[in-house]
Ligand SMILES: [Fe+2]
């Protein structure tokens, strides 16, 4: 990306961020809505503080605008349940900080070298700018998770369009039994050395897979309802009974559940339970990546895999341990694909998302696999 393209992409991301919160007042931005989601004011300040830390302090060598403020926006030091109590910036101070940081970012950008031959790996090919864009857009998605809780909230037109167009009809591969067969063999997994990717997507390496079949489309609401009826499984988050059917109550609405749409807002435990009930299993993340180009119905919901979030062989943390490395282990499950709330820039084929297996606030569904 050229410097002009970087500046434009940063501006676009910021417009999207501000459009998401435009309908809300300061009280709603500051409110603690959920113990597992940050107040929106924290997200906004954190987006700006992360930008200041990397693009102004690290790259530009400048002092922070507000001294020690950054420690309250450290995502590892401050778990989500305490973020609403921190002395973070609010209201006009918050808006001024976001604008001040952005002005400094653009000023620093003027003076840096970002070509392919630059020695500093942060600046080579504009890595740090791509990282900042991805960071802001990923926080847009966590903000959208919270906005599901806001009664009467209306999505910005662009996001609403992305949501509608991401739904495919006739998703119930589990009822039609349509699968894609993938041969046994060696498959290349992960991101190559060039271009932007997170450290956890690297290095690219070969894995050996046994032959397997994977559903051509994600599991639909109708199939999930059948599973609930047969097994007593919990409904997805935000679903409520209405008459004989179900409605989605997110954003304070009561929208009838369309059985042909992909199911989302299920936890890993619910996804795993569905797959077992269907006589199948969740795919591993490597199976998912190997089959990705053959799959329909990507992009409405993240898809849970059976894989724990682990380092690839030869992993090196870059540019900081707290993005991925501190989360490696058997506590988090990997999700692949993307959701309607995910910006296309984030949805690389090799992108690995992760969350705790009990969480369903994330826009996640599943598709099933089985050994061939
Ligand atoms: Fe963050």
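Annotations
- Residue match in the range 168-182 (condition: in contact with a strand residue (DSSP E or B) (Cβ under 8 Å, 6 or more places away or on another chain), within 16 Å of the ligand (Cβ to nearest atom) and at pLDDT 95 or above): no
- Residues that are within 27 Å of residue 358 (Cα to Cα) and in a loop (DSSP other than H, G, I, E, B) within the range 298-314 comprise 298, 299, 300, 301, 309, 310, 311, 312, listed in sequence order.
- The combined condition, being within 16 Å of the ligand (Cβ to nearest atom), buried (at least 18 other Cβ atoms within 10 Å of the Cβ) and within 25 Å of the chain's Cα centre (by Cα), is fulfilled by residue 134.
- Residues in the range 116-170 that are in contact with a helix residue (DSSP H, G or I) (Cβ under 9 Å, 6 or more places away or on another chain) and at positive phi: 126, 152, 170.
- Hits in the range 233-292 (condition: within 30 Å of residue 190 (Cβ to Cβ) and part of a strand (DSSP E or B)): 262, 281
- Only listed residue being within 16 Å of the ligand (Cβ to nearest atom) and farther than 21 Å from residue 353 by Cβ, chosen from 143, 98: 98
- Taking the criterion of being surrounded by fewer than 19 Cβ atoms within 10 Å (Cβ to Cβ) and within 29 Å of residue 325 (Cα to Cα), the residues of the range 287-305 that qualify are 292, 293.
So that you can scan it fast, the table gives a plain yes or no per residue for (1) touching a helix residue (DSSP H, G or I) at 6+ places or on another chain (Cβ under 8 Å); (2) surrounded by fewer than 17 Cβ atoms within 10 Å (Cβ to Cβ):
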position: 5; (1), (2): no, yes
position: 14; (1), (2): yes, no
position: 22; (1), (2): no, yes
position: 45; (1), (2): yes, no
position: 53; (1), (2): yes, no
position: 96; (1), (2): no, yes
position: 106; (1), (2): yes, yes
position: 114; (1), (2): yes, no
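- Every condition in (1) surrounded by fewer than 18 Cβ atoms within 10 Å (Cβ to Cβ); (2) more than 16 Å from residue 350 (Cα to Cα) holds for residue 311 except the one numbered (2).
- Residue in the range 239-256 that is surrounded by the most Cβ atoms within 10 Å (Cβ to Cβ), counting only those that are on the phi > 0 side of the Ramachandran plot and touching a residue at least 12 places away in the same chain (Cβ under 8 Å): 251
- Any hit, the range 359-372, residues being touching a residue at least 24 places away in the same chain (Cβ under 8 Å), in a helix (DSSP H, G or I) and either more than 17 Å from the chain's Cα centre (by Cα) or closer than 21 Å to residue 239 by Cα (or both): no
- Annotation note: Cβ proximity below 6 Å between a residue of the range 318-335 that is touching a residue at least 40 places away in the same chain (Cβ under 8 Å) and a residue that is surrounded by fewer than 17 Cβ atoms within 10 Å (Cβ to Cβ) and assigned to a strand (DSSP E or B) (sequence gap 6+ or interchain) occurs for no pair.
Every residue, every condition in (1) at pLDDT 95 or above; (2) within 16 Å of the ligand (Cβ to nearest atom); (3) part of a helix (DSSP H, G or I); (4) crowded, with 20+ Cβ neighbours inside 10 Å, yes or no:
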{"residue": "155", "(1), (2), (3), (4)": "yes, no, no, no"}
{"residue": "164", "(1), (2), (3), (4)": "no, no, yes, no"}
{"residue": "197", "(1), (2), (3), (4)": "yes, no, no, yes"}
{"residue": "214", "(1), (2), (3), (4)": "yes, no, no, yes"}
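- For the residues 334, 263, the requirement of being within 23 Å of residue 226 (Cβ to Cβ), crowded, with 20+ Cβ neighbours inside 10 Å and in contact with a helix residue (DSSP H, G or I) (Cβ under 8 Å, 6 or more places away or on another chain) singles out 263.
The values are calculated or read from the model by the stated rules, or taken from the named source; none is laboratory data. Since this is a predicted model, take the numbers as computed values, not measurements. Glycine gets a Cβ as well: all are built from the backbone with ideal geometry, and neighbour counts include every protein chain shown.
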